[in-house]
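Each remark here refers to the structure printed beneath this line.
The values are calculated or read from the model by the stated rules, or taken from the named source; none is laboratory data. The structure presented is a predicted model; accordingly, all values stated were derived computationally and were not measured. Cβ coordinates were reconstructed from backbone atoms using ideal geometry, including for glycine residues, and neighbour counts include every protein chain displayed. Only protein heavy atoms, including side chains, enter the accessible area calculation; ligands, DNA and RNA are left aside. Shrake-Rupley method; radii C 1.70, N 1.55, O 1.52, S 1.80 Å.
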Amino acid sequence: MDGTSKWITGPVARDHAHAVRGDVDAIVVGTGTVIADDPALTARRAGGTLADHQPLRVAVGHRSVPASAAIRNGPGDWLHLTTRDIPSVLARLWDVGARRVLIEGGPTLLGAAVRAGVVDELHSYVAPVLLGAGPAAVPDLGVSTLADAHRRHTTDAQHLGEDILVVTRRA
């Protein structure tokens, strides 16, 4: 992808994602996502205004977070944890009062969280857009047979405009 478009999903799915953000204590991304996408990690209402509750914004990784990064300059607090160890990230977030954590990072962070066995609920937004080759949403998880696959239970599926949200929980 060449970075010319910001969104794959439509506005209804994006509004839903912002509502989810408004219900969590912390949003976590990797420093690679911070550098590549410069996310603000704010929770917004459907009209685009900031929601009353803003979660703690967290960057995880060894790379530095640029001073101009949106994560540093949004409303509320932000935290940079210079580690890649997901259990220690969650322990630190627990220590600061974060009980409901949204991992919204890219494939590296998501893969680490899945391998660590800490993904309780997974929200997958499916858009009617075919991209072909490109970066994987989830990296290699070391699954060599279907018996080794990370099985989940579907707990919800709904249309969000032209998109579909599938919610799964650990099996």
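The Cα trace of region 1-57 gives Rg and Dmax of 12.0, 34 Å, the first to one decimal, the second as a whole number.
Residue ranges 49-58, 77-86 sort as 49-58, 77-86 when ordered by packing (mean number of other C-beta atoms within 10 Å per residue, highest first).
Give the carbon-plus-sulfur fraction of the accessible surface of region 44-124 in %, rounded to a whole number; probe 1.4 Å, heavy atoms of protein chains only. If you can, show how the numbers build up before the last one.
Numbers: 2270 of 4500 Å².
Taking all protein chains in place, region 44-124 shows 50 percent carbon and sulfur surface.
Tell me the per residue accessible area of the chain using a 1.4 Å probe; a whole number in Å² is fine. Mind showing how you got there, number by number?
Numbers: 10270 Å² over 171 residues.
Solvent-accessible surface per residue comes out at 60 Å².
Its convex hull of Cα atoms gives the chain a direction-averaged projected area, equal to a quarter of the hull surface, of 10.7 nm². Neighbours of Val119 by Cβ distance under 15 Å: Lys/Arg scored +1, Asp/Glu scored -1, total +3. Between Thr154 and Tyr125, the simple label model (points 7 Å from Cα in the Cβ direction) yields a spacing of 2.0 nm. Around Gly61, under 12 Å between beta carbons, what's the net of Lys plus Arg minus Asp minus Glu among the other residues? Here the count lands on +1.
Taking K and R as +1 and D and E as -1, what net charge do the other residues with C-beta under 13 Å from the C-beta of Pro107 add up to?
Working: positive: Arg115; negative: Asp37, Glu104, Asp140.
Net of charged neighbours comes to -2.
A full extension of the chain between Asp95 and Ala136 corresponds to an added length of 11.5 nm, given 0.36 nm per residue minus the alpha carbon distance. Measuring r between the beta carbons of Ala67 and Arg115 and using R0 = 35 Å, the FRET efficiency lands at 0.65.
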